[in-house]
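Here's the structure we're looking at; comments come further down.
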């Protein structure tokens, strides 16, 4: 279910502070975040966030097309190794 319009998008408060600090400093450093549920806002465009996927921080360069999406969408948590030949052989039987 979607979030109510009157509440606005969810963003952890510390992310706004870190984004403002990074933009003010002018340096392009990675902002680490564990908040995969936070919505990407227009003030994040051009910044790089390190989104934690449970194992490591995946660098996500925010663009205009990402506005309104969640950070977790751009840092997959599972790795698909592909179907092995043994799986295909077991299906035939």
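Values for this structure:
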read-out	value
Checking residue 5 against (1) touching a strand residue (DSSP E or B) at 6+ places or on another chain (Cβ under 7 Å); (2) exposed (fewer than 15 other Cβ atoms within 10 Å of the Cβ); (3) assigned to a loop (DSSP other than H, G, I, E, B), the condition it does not meet	(1)
Among the candidates 86, 19, residue that is in a helix (DSSP H, G or I) and exposed (fewer than 10 other Cβ atoms within 10 Å of the Cβ)	86
Filter result for residue 64 (touching a helix residue (DSSP H, G or I) at 6+ places or on another chain (Cβ under 9 Å) and under 23 Å from residue 2 (Cα atoms))	yes
Test: residue in the range 54-64 that is part of a strand (DSSP E or B) and buried (at least 18 other Cβ atoms within 10 Å of the Cβ)	yes
Check on residue 93, over 11 Å from the mean Cα position of the chain (by Cα) and at pLDDT 95 or above	no
Counted residues, the range 22-44 - those being assigned to a loop (DSSP other than H, G, I, E, B) and over 15 Å from the mean Cα position of the chain (by Cα)	4
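The values are calculated or read from the model by the stated rules, or taken from the named source; none is laboratory data. Nothing here was measured: the structure is a model prediction, and the numbers come from that model. We place every Cβ from the backbone using ideal geometry, glycine too, and count neighbours over all the protein chains shown.
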